[in-house]
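S.K.: One structure, pasted below without further comment.
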Amino acid sequence: MYHLLRDHFGAQNWWPGETRLEVMVGAILTQNTNWGNVEKAIHNLKERGLLAIETLHTISPEILAREIRPAGYYNIKAKRLKNFVRFLMEHYAGSLENLDDEETEYLREQLLAVNGIGQETADSILLYALERPLFVVDAYTHRILFRHGMAEEQVDYQDLQGMFVDNLPAEVDLFNEFHALIVRTGKAYCRTSPRCSDCPLEQWEQPFLLQE
């Protein structure tokens with residue numbers, strides 16, 4: 001599956017971001033919107049000199065919401081960003097180096113305890129910003145695996161994640177690229193109304209199928 005997608009699309013070089021903080025902010029802002037809108041919001045933060053931990057901590061939620069408006073749900077996302085930055089300040093003195101010193105499993109638990117950060121967002125932060133070998137699962141992942149008979153319609157996040165983590169080398173670059181390719185496939189082909197005939201997975205011989 002990975003090689004078919006990589007051969008078709010080429011390297012995705014995801015996640016776009018100049019700093020670890022930018023990647024973390026992007027992971028929160030991308031909830032329920034497309035990346036183009038997130039880029040506009042991050043551009044606003046950069047232009048205003050707001051993309052810094054202490055600045056995000058002290059800025060009012062109202063001003064922050066105004067600057068990230070292109071990302072949608074801006075009042076909610078401003079609160080989530082503030083919650084995340086408060087977590088960094090209170091637990092790690094606002095230092096990403098201190099954050100990065102934590103063991104992965106414990107850090108994941110800490111992130112999930114922050115209001116507004118779910119499993120997909122937490123794992124995006126861990127994989128893309130902190131380079132921990134955790135596979136990110138999203139709606140595209142479930143849709144593609146379900147349509148190829150590899151996942152049930154009702155399946156939880158951990159089970160889907162385990163399919164990748166338990167059967168692939170624990171390599172950050174592999175997990176990074178594979179997830180990016182899945183997202184690209186979901187957007188281009190595996191839509192609500194799928195374009196199966198053009199999809200690079202159309203001729204894929206799955207290694208296993210769910211048994212009835």
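The values are calculated or read from the model by the stated rules, or taken from the named source; none is laboratory data. Only a predicted model underlies this, so the values are computations on that prediction, with no experimental measurement involved. Heads up, the Cβs are rebuilt from the backbone with ideal geometry, glycines too, and the neighbour counts pull from every protein chain shown.
S.K.: Could you list, in sequence order, the residues of the stretch 64-85 that are hydrophobic (A, V, I, L, M, F, W, C) and in a helix (DSSP H, G or I)? Before you say what the answer is, go through the steps one by one.
M.R.: Taking the stretch 64-85 and keeping what is hydrophobic (A, V, I, L, M, F, W, C), we get 64-65, 68, 71, 76, 78, 81, 84-85.
Scanning the stretch 64-85 gives Leu64, Ala65, Ala71, Ile76, Ala78, Leu81, Phe84, Val85.
S.K.: When both residues are 6+ apart or on different chains and their Cβ atoms are under 9 Å apart, which pairs have a first residue that lies in the stretch 129-140 and is hydrophobic (A, V, I, L, M, F, W, C), and a second that is buried (at least 19 other Cβ atoms within 10 Å of the Cβ) and part of a loop (DSSP other than H, G, I, E, B)?
M.R.: The qualifying pairs are Ala129/Trp15.
S.K.: Now a separate question. Looking at Glu22, Glu39, Glu67, can you tell me which residue is in contact with a Leu (Cβ under 7 Å, 6 or more places away or on another chain) and closer than 22 Å to Val136 by Cα?
M.R.: Sole residue among the options that is in contact with a Leu (Cβ under 7 Å, 6 or more places away or on another chain) and closer than 22 Å to Val136 by Cα: Glu22.
S.K.: Quick check, is Leu130 buried (at least 18 other Cβ atoms within 10 Å of the Cβ), within 24 Å of Pro16 (Cα to Cα) and at pLDDT 95 or above?
M.R.: Working: buried (at least 18 other Cβ atoms within 10 Å of the Cβ): yes; within 24 Å of Pro16 (Cα to Cα): yes; at pLDDT 95 or above: yes.
Yes.
S.K.: OK, next. Has the stretch 104-126 got at least one residue that is of a type in the set (Val, Ile, Thr), exposed (fewer than 15 other Cβ atoms within 10 Å of the Cβ) and more than 27 Å from Arg191 (Cα to Cα)? So that I can check it myself, show each step before the final result.
M.R.: Within the stretch 104-126, the first condition is being of a type in the set (Val, Ile, Thr), and the residues that meet it are 104, 114, 117, 121, 125.
Narrowing further to those that are exposed (fewer than 15 other Cβ atoms within 10 Å of the Cβ): 104.
Applying the additional criterion that residues be more than 27 Å from Arg191 (Cα to Cα) yields 104.
Yes, there is a match, as at least one residue in the stretch 104-126 is of a type in the set (Val, Ile, Thr), exposed (fewer than 15 other Cβ atoms within 10 Å of the Cβ) and more than 27 Å from Arg191 (Cα to Cα).
S.K.: Checking Leu50 against (1) assigned to a loop (DSSP other than H, G, I, E, B); (2) touching a Ser or Thr at 6+ places or on another chain (Cβ under 9 Å): exactly one of these is not met. Which one?
M.R.: Leu50 satisfies every listed condition except (2).
S.K.: When you look at Ile182, is it at pLDDT 95 or above and assigned by TED's automatic domain parsing to the domain that holds Leu88, yes or no? If you could, list the steps in order and put the result at the bottom.
M.R.: Values: at pLDDT 95 or above: yes; assigned by TED's automatic domain parsing to the domain that holds Leu88: no.
It is false that Ile182 is at pLDDT 95 or above and assigned by TED's automatic domain parsing to the domain that holds Leu88.
S.K.: Now for a different question. Would you point out which residue out of Ala188, Ala151, Ala180, Ala139 is surrounded by 12 or more Cβ atoms within 10 Å (Cβ to Cβ) and either within 13 Å of the chain's Cα centre (by Cα) or on the phi > 0 side of the Ramachandran plot (or both)?
M.R.: From the options Ala188, Ala151, Ala180, Ala139, the qualifying one is Ala180.
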